[in-house]
Amino acid sequence: MDSLESFLGTAFFGVTVQQLLFAAVALIVGFVAGRFVERIVEGVTKRTPEGTVARAVVSAFVRPSGWTVRVAGIWVALKGMPLETVAATDLDTLVDHLAQGATVALATWLGVRVVNGVSDVLSERAEQTEGTFDDQLVPIFRKAAIAFLVITGVVMIVQNLGYSVASLLAGFGLGGAALAFASKDTVANFFGSIVIFVDRPFQIGDWIEVGDVEGTVETVGIRVTRIRTFSNAQLTIPNASFTTNAINNWSRMKKRRIKMTVGLTYDTTPDKMRQAVGAIRKIIKNDDRLHQDFYLVNFFDFGPSSLDIFCYFFTRTTNWAEHMQVRQEFMLQVMEAMQGLKLDFAFPTTTVHLADGGVPAQRPSALPKLPAGMPKSMDRDTPL
């Protein structure tokens, strides 16, 4: 017994064998217990219904919980060692500060995992809804929450290490002013994203036009919005642009306009013109794909080379391809109607009226002689 106590009391560099064994046992127990805790949490996760927020939260605890136990084992092992003041540094206090910082880091890691898990569940649910507002809200929630957790965690770790955060911020006063000036565009873009989510001028999937940019909204972030143009290029637009430019949201149209002019030749009689106007109105009235609440078909102008019929109406569909198909079929029916009325469409022409009543001025009787070798069959009235 005395020999065992003597062996345990043997010191190496100021550390006894008993203290080393205690530290080793603490480390082994900590790591084994950490793995055991992870297995328990994994079992709870499997018993939780899939696709639920509860499962996302429980699964987020798997690795952080295990590492919390391991860090506790490391802390117990270090506290069992004879930590002495070395080079004016209190190692015992330093270990406590490091343990507190590690705890904050683990809590931040857990928070980030919870946010990611919950965001994944919310994204799946958002895809099943008809609206797209929640589709663009979930990524913003994810990024903002993670940024808040990370910044808060870093500040708390610095504070637990014994540094005064307030003093550090005061020391960086000049640098902070320069940073604020340099980041003014970032701040403007952040407030631009707030405007997008509050006013909701567009949603993901909408066809919008902002300045010279036109395309479909793919993602809306805290700083930028990505738009897929019709040439399949992806444009990244700062959110601040949406607070200073007009936004034309073509997807919000309830109906789509058709506006055109049908030009008939000037030999069209008034009676034929009335029939033409009536035929076009009948085409619109008999087409269920066109809005019947308001439309205009009128003979409205004597054009430079045509008698113009103004047509103004709307299609029920706002889809561009369907709209173009309806427009095409309408124009074909107009062509058939005008053909049935034996009316011709006008095209730019010029009529010259001579001042002497239509008799061309006589050319000089003395015509120039033909050059030698010119065929005799050539018309002498042909200008040379």
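The values are calculated or read from the model by the stated rules, or taken from the named source; none is laboratory data. This is a predicted model, so every value here is computed, not measured. Neighbour counts are summed over all protein chains in view; Cβ atoms, including those assigned to glycine, are modelled from backbone coordinates with ideal geometry.
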Residues (part of a loop (DSSP other than H, G, I, E, B) and aliphatic (A, V, I, L, M)) located in the stretch 224-254: 233, 246, 253
Criterion (among the charged types (D, E, K, R), surrounded by 12 or more Cβ atoms within 10 Å (Cβ to Cβ) and modelled with pLDDT of 80 or more) met by exactly one of 125, 142: 142
Test: residue in the stretch 321-337 that is over 30 Å from residue 199 (Cβ atoms), part of a loop (DSSP other than H, G, I, E, B) and among the polar types (S, T, N, Q): no
Hey, residue 262 over 18 Å from residue 139 (Cβ atoms) and in a strand (DSSP E or B) or not: yes
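Residues checked against (1) surrounded by 16 or more Cβ atoms within 10 Å (Cβ to Cβ); (2) of a type in the set (Ser, Thr, Tyr):
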residue	(1), (2)
193	yes, yes
196	yes, no
205	no, no
209	no, no
215	yes, no
Residues satisfying the stated conditions in the stretch 46-65, i.e. surrounded by 14 or more Cβ atoms within 10 Å (Cβ to Cβ), under 28 Å from the mean Cα position of the chain (by Cα) and outside any helix (DSSP H, G or I): none
Qualifying positions in the stretch 205-223 - within 21 Å of residue 143 (Cα to Cα) and either at pLDDT below 85 or in a loop (DSSP other than H, G, I, E, B) (or both): 205, 219, 220, 221, 222, 223
Check on residue 280, closer than 19 Å to residue 334 by Cα, in contact (Cβ under 8 Å) with a residue 12 or more places away in the chain and not in a loop (DSSP other than H, G, I, E, B): yes
Filtered residue count, the stretch 266-322, keeping only those that are among the β-branched types (Val, Ile, Thr) and more than 19 Å from residue 345 (Cβ to Cβ): 3
